[in-house]
1. Given the conditions (1) surrounded by fewer than 16 Cβ atoms within 10 Å (Cβ to Cβ); (2) among the hydroxyl-bearing types (Ser, Thr, Tyr); (3) touching a residue at least 40 places away in the same chain (Cβ under 8 Å), and given that Ser53 satisfies all but one, which numbered condition is not satisfied?
2. Do we find that Phe37 is part of a helix (DSSP H, G or I), within 23 Å of Pro155 (Cβ to Cβ) and among the hydrophobic types (A, V, I, L, M, F, W, C) in this structure?
3. For the condition more than 23 Å from Lys45 (Cα to Cα), within 17 Å of the chain's Cα centre (by Cα) and among the basic types (Lys, Arg), what is the one hit in Arg134, Arg129, Arg93?
4. Does any residue of the stretch 98-114 turn out to be at pLDDT 95 or above, assigned to a loop (DSSP other than H, G, I, E, B), surrounded by fewer than 17 Cβ atoms within 10 Å (Cβ to Cβ) and more than 13 Å from the chain's Cα centre (by Cα)?
5. How do the pairs read when you match residues in the stretch 112-139 that are on the phi > 0 side of the Ramachandran plot with residues anywhere that are buried (at least 18 other Cβ atoms within 10 Å of the Cβ) and aromatic (Phe, Trp, Tyr), using Cβ under 8 Å and keeping only pairs 6 or more apart or on different chains?
6. Which of the following residues is touching a Gly at 6+ places or on another chain (Cβ under 9 Å), on the phi > 0 side of the Ramachandran plot and surrounded by fewer than 18 Cβ atoms within 10 Å (Cβ to Cβ): Gly156, Gly85?
Amino acid sequence: MERRTVTNLVAKNARSRRLSVHFSSGSDDWSTPRDLFNLLDAEFKFDLDVAASKKNAKCPRFFTQKQDGLVQEWAGVCWMNPPYGRAIGEWVRKASESARAGATVVCLLPARTDTRWWHMYVTRASDVRFVRGRLKFGASTAGAPFPSAIVIFRPGSPRPELWTRGVFIDNHEPRAGPHHSTKPSGPARNGPGTSAAFQDP
């Protein structure tokens, strides 16, 4: 019994260490799932990837870490999957400011609704689409340890409301919102017709 308890404690601590890395600035390079990007690119037709590397850029025009997208001008229709470390609030603020200057910025963000940057900027975005289940980033075969949201900042002043409307992305179909049915449905499952980028927790 004592041996089993020690084994369980070691496993729990190892899992805790792995998850803590995901929420730290030491592991903030989360490559965008290709099928999710393709879905959004078909809708928005992106001109610029504002936070990328030569290896994972999703648009012909992009800003690398060395170029520092935070000091560049964002124009046209921009894709943003920012570093998920401590500076993420600066990226979301830049997206909001760029939209006020005339750009459209579509962001893939961790759905951290308890953070200051979420309440300062995301609640005033044009649209927020919550992703059902957990995304698989890069070459990972496991879902991320956090939920995700697609946050869209469109040109013009931010919305005055402090509460967001939301839609759920499940099997590439909106699930809720003013123009969609709110009929309850079963949980998403990986299988035929379901994107490999999505995984229930």
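The values are calculated or read from the model by the stated rules, or taken from the named source; none is laboratory data. Please read all numbers here as calculations on a predicted model, not as lab measurements. Cβ: placed from backbone, ideal geometry, glycine included. Neighbour counts: every protein chain shown.
1. (3)
2. Values: part of a helix (DSSP H, G or I): yes; within 23 Å of Pro155 (Cβ to Cβ): yes; among the hydrophobic types (A, V, I, L, M, F, W, C): yes.
The answer is yes for Phe37.
3. Arg134
4. yes
5. What qualifies is Gly133/Phe198; Gly138/Trp30.
6. Result: Gly156 is the single residue among Gly156, Gly85 that is touching a Gly at 6+ places or on another chain (Cβ under 9 Å), on the phi > 0 side of the Ramachandran plot and surrounded by fewer than 18 Cβ atoms within 10 Å (Cβ to Cβ).
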